[in-house]
Amino acid sequence: MHSNFSLLIIHTNFSKTDTVKALALSLGMFDGVHLGHQSIISELNLIAEKKSLQSAVLTFWPHPRLVFNPDEDLRLLNTLEEKSALLEQLGIQHLFLKEFDEAFRNLTGEEFVEKILVERLNVKYLMVGYDHVFGKNRSGNFELLEKMAPAFGFEVKKMEAVNIHNKNISSTKIRAALEKGNILAANEMLGYHYPISGIVINGKKIGRTIGYPTANIKVNELKFLPKKGAYIVEVYVNNEQYKGMLSIGNNPTVGENPLSIEVYILDFDQDIYGQQITVHFRDFLHEEIKFESMEKLIERLDEDKIRTRNFQF
């Protein structure tokens with residue numbers, strides 16, 4: 001990720017944004033802010049600069065699927081905090097968060113363009129992904145935008161998918177890779193190392209009795225987790241970086257347990273209860289294993305520790 005830091009201004013449920021200059025805007029979910037999104041954004045920034053516009057992203061929060069199917073077990077690649085930070089690093093100046101409420105759901109594609117993009121946001125340049133649809137019954141698409149652009153005084157451009165090894169990058173493909181524990185593929189599509197952050201909470205403290213004290217992380221429930229198993233991670237505590245081994249699972253060796261996320265941090269012995277820490281996934285160690293004894297568990301942890309120590313960060 002290259003950064004050309006601008007301070008990001010976040011607008012929620014904006015009604016009229018007179019304070020904002022004319023915009024070069026892209027709209028979409030931007031879940032993951034992956035390499036495909038990054039290429040859209042760098043192009044958007046260039047255009048904004050060339051045309052003396054401000055660069056902006058319009059996205060929906062919460063995710064529309066949570067509105068349509070409140071019971072769906074939807075997990076996102078980014079929390080709002082992560083998404084905002086990534087967009088800011090990429091130099092976006094404004095982030096508009098639109099609540100996907102009843103009134104909004106009923107806007108047709110045309111009404112959305114006219115009432116929101118043109119009247120409220122003063123969009124002069126619009127960039128959309130190749131497959132983006134919007135508005136009631138998905139009535140808005142690139143063809144509609146092209147048709148409306150001249151009358152409403154904006155330009156529109158369609159961005160094609162970004163390829164890595166001839167595969168189009170998408171948030172869905174990144175989720176699928178994480179689901180398989182294929183961290184290297186996910187990170188390659190993201191263009192950064194997949195993170196999770198959370199507060200360190202009290203666990204059962206079994207780790208410390210076997211020489212592997214772990215920090216239990218309480219993670220935002222909307223955050224997408226890689227498959228159960230053990231991982232090599234880099235851990236950030238108070239802006240210091242450490243190597244770590246992280247496990248996602250139910251600790252089957254020590255009875256029935258709820259899902260937990262625990263990280264053993266190498267060469268570390270501070271008390272960090274109640275603090276926020278961030279881990280970045282670097283590689284998959286192995287599946288979740290139920291060991292027949294604590295000795296076997298410790299043997300495996302010792303092996304994992306050697307692999308983690310030798311991993312080139």
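Screening Lys243, Lys227 for residues that are touching a residue at least 40 places away in the same chain (Cβ under 8 Å), touching a Lys or Arg at 6+ places or on another chain (Cβ under 9 Å), farther than 18 Å from Ala186 by Cβ and of a type in the set (D, E, K, R) leaves exactly one candidate, Lys243. Evaluate the following for Lys227: is it open to solvent by 30 Å² or more (accessible area, probe 1.4 Å), part of a loop (DSSP other than H, G, I, E, B), within 28 Å of Glu299 (Cα to Cα) and not hydrophobic (A, V, I, L, M, F, W, C)? Answer is yes for this residue.
Please work out if Val233 is more than 18 Å from Gly203 (Cα to Cα) and either open to solvent by less than 20 Å² (accessible area, probe 1.4 Å) or free of Cβ contacts under 8 Å to residues at least 12 places away in the same chain (or both).
Details: more than 18 Å from Gly203 (Cα to Cα): yes; either open to solvent by less than 20 Å² (accessible area, probe 1.4 Å) or free of Cβ contacts under 8 Å to residues at least 12 places away in the same chain (or both): yes.
Against the criterion (more than 18 Å from Gly203 (Cα to Cα) and either open to solvent by less than 20 Å² (accessible area, probe 1.4 Å) or free of Cβ contacts under 8 Å to residues at least 12 places away in the same chain (or both)), Val233 qualifies.
Evaluation of Asp267 against the conditions (1) modelled with pLDDT under 95; (2) exposed (fewer than 12 other Cβ atoms within 10 Å of the Cβ); (3) not in a helix (DSSP H, G or I) shows that the sole unmet condition is (1).
Taking the criterion of being in contact with a Phe, Trp or Tyr (Cβ under 9 Å, 6 or more places away or on another chain), in a helix (DSSP H, G or I) and in contact (Cβ under 8 Å) with a residue 12 or more places away in the chain, the residues of the range 273-299 that qualify are Leu297, Ile298.
When restricted to residues that are among the aliphatic types (A, V, I, L, M) and open to solvent by 30 Å² or more (accessible area, probe 1.4 Å), the range 186-218 contains 4. For the range 130-139, state whether one or more residues are in a strand (DSSP E or B) and touching a residue at least 12 places away in the same chain (Cβ under 8 Å). Yes, some residue in the range 130-139 is in a strand (DSSP E or B) and touching a residue at least 12 places away in the same chain (Cβ under 8 Å).
When you scan the range 1-98 for helices (runs of 4 or more DSSP H) that lie fully inside it, which ones turn up with 3 or more residues that are at pLDDT 95 or above and within 14 Å of the chain's Cα centre (by Cα)? Talk me through it step by step, then tell me what you get.
On the way: elements: 35-50, 64-68, 80-89.
Fully inside the range 1-98 and qualifying: 80-89.
The values are calculated or read from the model by the stated rules, or taken from the named source; none is laboratory data. Keep in mind the model is a prediction, meaning the values are calculated, not measured. As a convention, Cβ positions derive from the backbone with ideal geometry for all residues, glycine included, and neighbour counts pool all protein chains shown. All accessible areas refer to the heavy atoms of the entire protein, side chains included, with ligands and DNA or RNA removed. Shrake-Rupley method; radii C 1.70, N 1.55, O 1.52, S 1.80 Å.
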